[in-house]
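**Student:** There's a structure below that I have some questions on.
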Amino acid sequence: MEKTVIKTDKAPAAIGPYSQAVEVNGVIYTSGVVPIDPATGQVVEGDIKVQAKRVFESMKALLEAAGSNMDSVVKTTVFIKDMNDFAALNEVYASYFTGDYPARSCVEVARLPKDVLIEMEVVSLALDA
């Protein structure tokens, strides 16, 4: 078993002792991505749609750095601060995934890092696996 740590400056840097993503045997596991602008290191201000778009753009960049893409995602786990944002989240979500959607869990949580509205992690297949 070979483990490869994935890192890119096009997604938020880890804010703790963890890797942005890890690939093992052709499967990519990402850490949770929050709506931080990787260029500034600051939380993107705005509603769930604005923050979700930042998360998806960072996730897309992270997967590309890992040799994958959004079409290869098989599972997402989405944490949101308010379940009332579920429909708005789905609008953004559907713009990044087309056709055969990945499996998904979406849960409301009491608090997220830096008090953001959303965090997402994914499991994806590496394209070269």
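Derivation of every value follows stated rules applied to the coordinates shown; laboratory data play no part. What you see is a predicted model; the values in this text were computed from it and never measured. FYI the Cβ positions are ideal-geometry reconstructions off the backbone, even for glycines, and counts take in every protein chain you see.
**Student:** Given contacts defined as C-alpha pairs under 8 Å and at least six residues apart, what's the relative contact order of the stretch 3-125, whole-number percent?
**Tutor:** Contact order relative to length: 32 percent.
**Student:** How much mean residue ellipticity at 222 nm does the chain get from its helices, if each DSSP H run of length 4 or more adds -39500 (n - 2.57) and you divide by all residues, to the nearest 500 deg cm²/dmol?
**Tutor:** -7500 deg cm²/dmol
**Student:** In whole Å, largest first, what are the principal axis extents of the Cα atoms in the chain?
**Tutor:** 41, 33, 23
**Student:** With 22 Å as the limit, write out which pairs from Lys10/Lys114; Lys7/Lys53; Lys7/Lys49; Lys3/Lys49; Lys10/Lys53 have Cα-Cα distances beyond it, or answer none.
**Tutor:** Lys7/Lys49; Lys3/Lys49, as the Cα separations exceed 22 Å there.
**Student:** I need the Debye-formula profile for the stretch 31-94: one equal scatterer per C-alpha, no solvent, reported as log10 I(q)/I(0) at q = 0.12, 0.17, 0.20, 0.27 1/Å, two decimals.
**Tutor:** Summing over Cα pairs of the stretch 31-94 leads to -0.30, -0.61, -0.84, -1.33.
**Student:** If r is the Cβ-Cβ distance from Ala39 to Lys3 and R0 is 22 Å, what FRET efficiency results, to the nearest 0.05?
**Tutor:** After rounding, the FRET efficiency stands at 0.15.
**Student:** Across the stretch 11-25, in residue order, what do the Karplus-derived ³J(HN,Hα) couplings come to in whole Hz, using 6.51 cos²θ - 1.76 cosθ + 1.60 with θ = phi - 60° and x for Gly and Pro?
**Tutor:** 9, x, 5, 4, 10, x, x, 8, 9, 4, 7, 9, 10, 9, 6
**Student:** So, one more: Provide the percentage of antiparallel DSSP beta bridges, counting only those with both residues in the stretch 3-125; round to the nearest 5.
**Tutor:** 75 percent
**Student:** While we're on this one: What is the magnitude of the charge dipole of the chain about its Cα centre, with +1 placed on the Cβ of each Lys and Arg, -1 on the Cβ of each Asp and Glu, and no other charges, expressed in debye to the nearest 20? Intermediate results must be reported in sequence, preceding the final value.
**Tutor:** Values: 12 positive and 18 negative charges, 34 e Å.
That gives a dipole near 160 debye.
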